[in-house]
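Working notes, beginning with the structure itself.
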Amino acid sequence: MPDCGESEFQVSKRLKAKHPRREGLSHPGNGRMKTGDAGILRDDPAIRTRKETAMYYKRACSFGSLYKGLKRSCRNVRWKDSVTGYEANGLKNTLELSERLQNGKYRISDYQEFTVHEPKERRILASRLVDRQFQRSLCDSGLYNDIVEHLIRDNMACQTGRGVDDALKRMKIHLWRHYRQNGVEGWALKCDIHHFFPETRHDVAKAAVMKYVSDPDAAKAVCDIIDRFGGDRGIGLGSQISQLVELLVLNDLDHYIKERLLIKGYIRYMDDFILIHEDRNYLCECLHKIRDKLEEMGFELNRKTQIFPLRHGIKFLQWLFVLTDTGKVLMLMDNAKISKQHRRIRKLWEREKAGTVAPGSTQESVRAFLANADRGNTWNLQQRMKEFYKDVTGREFT
């Protein structure tokens, strides 16, 4: 008769005799751990991650991490003379920066201030390359993961794997869920904070950083960056850390809306957020509570804040979301954006004829517009835009 080997019970008994349970440790299934064994502690993913996270500021100051931060900071901006000059001496500059950080002699440089006018006028305070190098190293070494692990799923800005495309898809998901439970009837509360970045109080931002950032040295470095903007209000656009800090500033509000107000249909992209619910009166109550919370932080909602029926459509990130009677969600482009593209085509064509821009610039602008329009239900719009291009230039769009 062939040998069938040991039974499962015999194997288990032999292994237990060979590897007895370590003294002082409870069974892993009961969720408790008493006195420590270093090997067991290293095998716990939560403990390992926390231990590594607590040390990331020192890693961020190392030469290797700073040099990687430099290379990533130089992407797509090597056409600038200042960038190529700094990168040409990158090894020397990185070594000097690492020594200043480790000796406590690093000081943030003055910000470069300028104004952009697209899509609207904004004041930008951009960091110097040496500061971007350090901030990039700090974020990549652990600050980014330390912050985003506290954020809700529907906080859509400035995170890997999220952004505009994911926010648009997420809005569709919320509308589909609402339709399955309540049909097409319902209400939306659209909120927009007045001058979010310029009106952010430094004490509120630093309190959020100290609450959620686990590494004390990293938290201090972020607070120094906040103080460097001057005054007691205002965080400048143009810094990677600025974006992450602003994600944290409203994080408690996100959790309050999702967990205390119990709004499932909630989505936020920086200072623009929307609540979807079947009861208008409840949204009015939510609006009052949200105003109170924002006033405690020094913010106020602007005049674009309103409650309206879902049948009117929701405007979000320059797209209009329309929930139909069949449950289909249509993504339509805002009329203002279409008119703006018409004006851009006319101006670019005049400049192209005058030779002040490269040949084909007008068609490239239309191609970029069509690529963006392709996100939504815009087939007819795309055909009309091609016809408009032909009427203005006398050329077929290719």
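The values are calculated or read from the model by the stated rules, or taken from the named source; none is laboratory data. As the structure is a computational prediction, the values presented were derived from the model and not from experiment. Heads up, the Cβs are rebuilt from the backbone with ideal geometry, glycines too, and the neighbour counts pull from every protein chain shown. The area values use the complete protein model at the heavy-atom level, side chains included, leaving out ligands, DNA and RNA. Shrake-Rupley method; radii C 1.70, N 1.55, O 1.52, S 1.80 Å.
Looking at 55, 371, 218, which one has the Cα that reaches farthest to the positive end of the dipole of the chain (charges on Cβ: Lys, Arg +1; Asp, Glu -1)?
It is 371.
Just to check I understand the Karplus step: with θ = phi - 60° and J = 6.51 cos²θ - 1.76 cosθ + 1.60, what whole-Hz values come out for the stretch 179-191, glycine and proline as x?
For the stretch 179-191, the Karplus curve yields 5, 5, 9, 10, x, 7, 6, x, 9, 10, 10, 9, 10 Hz.
For the stretch 106-190, what is the convex hull (Cα atoms) projected area averaged across all directions, in square nanometres?
Reported value for the Cα convex hull: 8.7 nm².
Report relative contact order for the chain in percent, whole number only (criteria: Cα-Cα under 8 Å, sequence separation at least 6). Walk me through the numbers before you get to the answer.
Values: 481 pairs, mean separation 58.5, N = 398.
That works out to 15 percent.
Could you give the nm distance between label points at residue 128 and residue 361, where each point is 7 Å from its Cα heading toward the beta carbon?
Between residue 128 and residue 361, the simple spin-label model gives 3.3 nm.
Which of the following values of P(r) over Cα pairs in 10 Å bins from 0, in percent was calculated from the structure shown: [x] 5, 25, 36, 27, 7, 0; [y] 4, 16, 22, 22, 19, 10, 5, 2, 1, 0; [z] 5, 24, 33, 26, 11, 1, 0?
[y]
Multiply the residue separation of residue 220 and residue 71 by 0.36 nm, subtract the distance between their alpha-carbon atoms, and state the gained length in nm to one decimal.
51.1 nm
How big is the dipole moment of the stretch 286-370 about its Cα centre under a simple scheme where the beta carbon of each Lys and Arg is +1, that of each Asp and Glu is -1, and everything else is neutral? Debye, nearest 20, please.
Roughly 340 debye for the stretch 286-370.
What residue among 73, 356, 94 has its Cα farthest toward the positive end of the dipole of the chain, where the charges are +1 on Lys, Arg and -1 on Asp, Glu, each on the Cβ?
Checked the options; the winner is 356.
Can you tell me, using C-alpha contacts under 8 Å and at least 6 residues apart, the relative contact order of the stretch 309-398 as a whole percent? Can you show the working numbers first?
Numbers: 84 pairs, mean separation 19.0, N = 90.
Computed over the stretch 309-398, the figure is 21 percent.
Pull up all non-local amide H partners of residue 233: gap of 5 or more, or a different chain, and H-to-H distance under 5 Å with H placed in the peptide plane.
202
Multiply the residue separation of residue 371 and residue 304 by 0.36 nm, subtract the distance between their alpha-carbon atoms, and state the gained length in nm to one decimal.
Computed gain between residue 371 and residue 304 is 21.3 nm.
With +1 on each Lys and Arg Cβ and -1 on each Asp and Glu Cβ, and nothing else charged, work out how big the dipole of the stretch 59-156 is about its Cα centre, in Debye to the nearest 20.
Around 220 debye, computed over the stretch 59-156.
Each residue of the stretch 353-370 in turn: what ³J(HN,Hα) in whole Hz from Karplus with 6.51, -1.76, 1.60 and θ = phi - 60°, glycine and Pro shown as x?
Per-residue couplings from phi come out as 5, 7, x, 8, 10, 5, x, x, 5, 5, 5, 5, 5, 5, 4, 5, 4, 5 Hz.
In square nanometres, what is the average projected area of the Cα convex hull of the stretch 183-263? Mind dumping the intermediate values first?
Details: hull surface 28.0 nm².
Here the figure is 7.0 nm², rounded to one decimal.
Using the reciprocal of the averaged 1/r over all distinct C-alpha pairs, how large is the Kirkwood radius of the stretch 267-346 in Å?
15.0
If the cut-off is 17 Å between C-alpha atoms, which lysines fall inside it for residue 68, apart from same-chain ones fewer than 8 positions away?
Counting by Cα, and skipping residues close in sequence, residue 68 has these lysines nearby: 58, 92.
By accessible area of protein heavy atoms, probe 1.4 Å, what ranking do 178, 288, 150 get, highest first?
Values: 178 15, 288 115, 150 50 Å².
The most accessible residue leads, giving 288, 150, 178.
Suppose every K and R has +1 on its Cβ and every D and E has -1 on its Cβ; what is the size of the dipole of the stretch 173-321 about the Cα centre, in Debye to the nearest 20?
Charge dipole, the stretch 173-321, about its Cα centre: 580 debye, nearest 20.
Kirkwood Rh over alpha-carbon pairs of the stretch 239-389, then Stokes-Einstein at 25 °C and 0.890 mPa s: what D in µm² s⁻¹, rounded to an integer?
This corresponds to a translational diffusion coefficient of 131 µm²/s.
Counting heavy atoms of the protein chains only and a 1.4 Å probe, report the per residue accessible area for the chain as a whole number of Å².
In whole numbers, the chain has 57 Å² accessible per residue.
Which pairs in the list 190/328; 172/340; 206/337; 211/289 are over 31 Å apart, alpha-carbon to alpha-carbon?
Details: 190/328 21 Å; 172/340 26 Å; 206/337 37 Å; 211/289 23 Å.
Violating the 31 Å Cα-Cα cut-off are 206/337.
By how many nm would the segment from residue 184 to residue 354 lengthen if fully extended, with 0.36 nm per residue of separation less the alpha-carbon distance? Before the final figure, lay out the partial values.
Numbers: separation 170, 0.36 × 170 = 61.20 nm, distance 5.22 nm.
Extra length from residue 184 to residue 354 when fully extended: 56.0 nm.
Which percent of the accessible heavy-atom area of the stretch 87-168 goes to carbon and sulfur, probe 1.4 angstrom?
The value for the stretch 87-168 is 45 percent carbon and sulfur by accessible area.
Plugging the Kirkwood radius over Cα pairs into Stokes-Einstein for the stretch 136-182, at a temperature of 37 °C and a viscosity of 0.692 mPa s, what D comes out in µm²/s?
Values: Rh = 12.3 Å.
For the chosen part, D equals 266 µm²/s.
Mean-square fluctuation check for the chain, GNM, Cα pairs under 10 Å: which of 378, 326, 94 is largest?
Result for the chain, Cα springs under 10 Å: 326 fluctuates most.
What residues have an amide H closer than 5 Å to that of residue 301, excluding those fewer than 5 places away on the same chain, when H is modeled at 1.01 Å from N in the peptide plane?
When sequence neighbours closer than 5 places are left aside, the close amide H contacts are 194.
Could the peptides 354-367, 267-280 be put in order, highest first, of the mean number of other beta-carbon atoms found within 10 Å of their residues?
Result, highest mean Cβ count within 10 Å first: 267-280, 354-367.
What is the stretch 98-251's relative contact order, in percent, from Cα pairs under 8 angstrom and six or more apart in sequence? Write down the numbers at each step before the final one.
Numbers: 138 pairs, mean separation 45.4, N = 154.
So the answer I get is 29 percent.
Could you pull out which residues in the stretch 124-142 have an amide N less than 16 Å from a spot 7 Å beyond the Cα of residue 160, following the Cα-Cβ vector?
136-142
Pick from 305, 115, 324: which residue has the top mean-square fluctuation in a GNM of the chain where Cα pairs under 10 Å get a spring?
115
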